[in-house]
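I have placed the structure first, in the form of structure tokens, so that the comments after it can refer back to it.
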Amino acid sequence: MKRSNCTKCHYPVTTCVCEYVSKKVNNRTRIIILQHPDEVNLAKNTVRLLQLQLSDIQVVVGESESDFESVLMGLPKESTALLYPGKDTIDVHNCSSLEPQLTHLLVIDGTWKKTNKIFALNPYLHALQKISFSTIPENQYHIRKAEQSYSLSTLEAVGHFIHIVDGCDNQPLLHLLNGMIEQQTKFMPENVKARYFEE
């Protein structure tokens with residue numbers, strides 16, 4: 001029997017997060033998520049939370065160049081950046097000095113392996129200026145183990161960016177994330193739940 005989903009948050013009714021959704025976060029920079037298809041239906045997918053909370057966000061599902069072409073080709077390259085680690089990146093704290101000011105931020109959503117594959121398959125992304133974090137906040141996404149010590153969930157990464165660059169309060173995003181974690185773990189036996197929150 002198929003589980004019924006909440007019509008507002010689209011999570012299963014048993015783990016609905018609507019009570020944790022507060023007023024929209026009005027981000028100035030348009031956030032465009034390039035989401036790997038494997039992430040779409042995952043219960044722990046945080047992009048769904050961003051869609052509930054951000055005022056300006058677009059999600060495009062795919063992997064290859066043809067999947068994203070219609071969106072990427074219409075972007076102003078000079079004011080668009082990709083959130084991606086590596087050499088020759090711009091630290092997020094220095095974004096305010098960029099000319100022209102950033103109008104669009106691309107974020108790849110997937111595991112590191114899938115993220116790197118999407119980057120490799122899309123030459124357009126290689127020519128964009130890259131934004132990275134020199135320091136990151138503590139990862140609060142306990143229910144999905146980070147592949148790297150410096151990993152953040154997509155929600156946390158976007159929240160950190162708009163907090164620094166757009167001056168947005170990212171606490172509504174973190175409140176929603178913690179609410180989702182609470183909902184996802186409420187039926188777990190205590191010994192299982194403890195594994196996710198151990199140091």
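The values are calculated or read from the model by the stated rules, or taken from the named source; none is laboratory data. Quick caveat, the model's predicted, so the values are computed rather than measured. In this analysis, Cβ positions are derived from the backbone assuming ideal geometry, glycine residues included, and neighbour counts consider all displayed protein chains.
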Return the residue satisfying two criteria in turn: it lies in segment 175-191 and is within 16 Å of the chain's Cα centre (by Cα) and surrounded by fewer than 17 Cβ atoms within 10 Å (Cβ to Cβ), and of such residues it is modelled with the lowest pLDDT.
Asn178
Counted residues in segment 120-133 being buried (at least 17 other Cβ atoms within 10 Å of the Cβ) and either on the phi > 0 side of the Ramachandran plot or of a type in the set (A, V, I, L, M, F, W, C) (or both) come to 4
Collect the residues in segment 1-16 that are outside any loop (DSSP other than H, G, I, E, B) and of a type in the set (Val, Ile, Thr), keeping them in residue-number order.
Val13, Thr14, Thr15
Count - residues of segment 47-96 that are surrounded by fewer than 15 Cβ atoms within 10 Å (Cβ to Cβ), out of contact with any Leu (no Cβ under 8 Å at 6 or more places or on another chain) and in a loop (DSSP other than H, G, I, E, B):
8
Within segment 91-116, take every residue that is over 18 Å from Gly167 (Cα atoms) and polar (S, T, N, Q) and give me the one that is modelled with the lowest pLDDT.
Thr111
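Restricting attention to segment 169-183, does a residue exist that is under 24 Å from Thr80 (Cβ atoms) and in contact (Cβ under 8 Å) with a residue 12 or more places away in the chain?
So far as segment 169-183 goes, yes, one or more of its residues are under 24 Å from Thr80 (Cβ atoms) and in contact (Cβ under 8 Å) with a residue 12 or more places away in the chain.
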So if I check each of Gly86, Gly74, Gly62, which one is more than 24 Å from Leu174 (Cα to Cα) and modelled with pLDDT of 95 or more?
Gly62
Quick test of your reading of the structure: Glu19 fulfils all but one of (1) outside any strand (DSSP E or B); (2) surrounded by 13 or more Cβ atoms within 10 Å (Cβ to Cβ); (3) modelled with pLDDT of 95 or more. Name the failing condition by number.
(2)
